[in-house]
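Here's the structure we're looking at; comments come further down.
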Amino acid sequence: MNITKKQKQALWLIALVLAVLYYAPSVIMSVRQMAYVSQQAALRQAAPQQAAQHPPLPKAKGDEANGTAAVPESPVSPGTLSGFWQGSGTVPDKGRICSLHLELREDGQPQGPITGYPSLSCVTFGGRPNVNPLAPMMSKLDPVTAVMTGMWDKSGSLHFSIVKSLAASDSCPITGFTLTPFGTNAVTVEYQEGTCQSGNMVLYRTRT
């Protein structure tokens with residue numbers, strides 16, 4: 001069946017409305033991100049006091065003698081990261097807007113591990129050819145997901161190993177994921193999708 005010009009325009013209009021409805025919360029989060037950036041000076045001043053309240057555990061005897069490296073601990077209190085996080089970001093050179101939902105579960109130990117369950121949805125815009133006008137809705141219904149386990153490194157970032165990743169036939173699976181605490185109720189993440197792309201964004205807590 002041939003699609004008329006008016007029908008194509010209607011499909012694009014529907015896709016645009018769906019995209020606006022889907023990404024409206026992410027736009028609000030981007031505004032909040034700007035507020036967080038302005039608060040970083042105050043957070044840096046409060047860091048020494050927080051470090052005094054949560055001093056690192058003493059190194060176990062014999063670690064230095066036997067050459068065993070100490071396992072890095074979380075820079076935040078145990079249980080702080082558990083919950084649900086959400087954010088969005090763009091990949092300008094790819095003409096993509098991505099939305100990420102992340103669930104984190106801790107085992108209560110300072111060294112970890114922490115289990116993560118990301119759900120990534122991306123949409124291509126900018127008048128690129130061969131783009132399905134219903135892509136925003138289809139992306140939401142079939143996101144890229146993964147199960148991963150993270151451990152802290154010495155720099156205070158959480159590096160995840162991908163246990164399992166699921167993606168549609170026209171998408172790339174998540175192959176790398178790093179998280180760093182950012183302020184009080186935010187984290188920054190960097191992710192890789194195989195040969196497709198890499199991205200980064202700020203996520204904000206939605207609920208515990």
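The values are calculated or read from the model by the stated rules, or taken from the named source; none is laboratory data. Note that the structure is predicted; figures quoted are calculated from it, not measured. Neighbour counts are summed over all protein chains in view; Cβ atoms, including those assigned to glycine, are modelled from backbone coordinates with ideal geometry.
When GLY176, GLY183 are screened for being at pLDDT below 90 and small (Gly, Ala, Ser), only GLY183 passes. Of the candidates PRO129, PRO136, the single residue that is at pLDDT below 70, over 20 Å from GLY176 (Cβ atoms) and touching a helix residue (DSSP H, G or I) at 6+ places or on another chain (Cβ under 7 Å) is PRO136. Just so you know, in region 145-157 the residues that are in contact (Cβ under 8 Å) with a residue 60 or more places away in the chain and either of a type outside the set (Lys, Arg) or assigned to a strand (DSSP E or B) (or both) include one that is surrounded by the most Cβ atoms within 10 Å (Cβ to Cβ), and it is TRP152. Considering (1) in a loop (DSSP other than H, G, I, E, B); (2) under 16 Å from VAL76 (Cβ atoms), the lone condition that SER171 does not fulfil carries the number (2).
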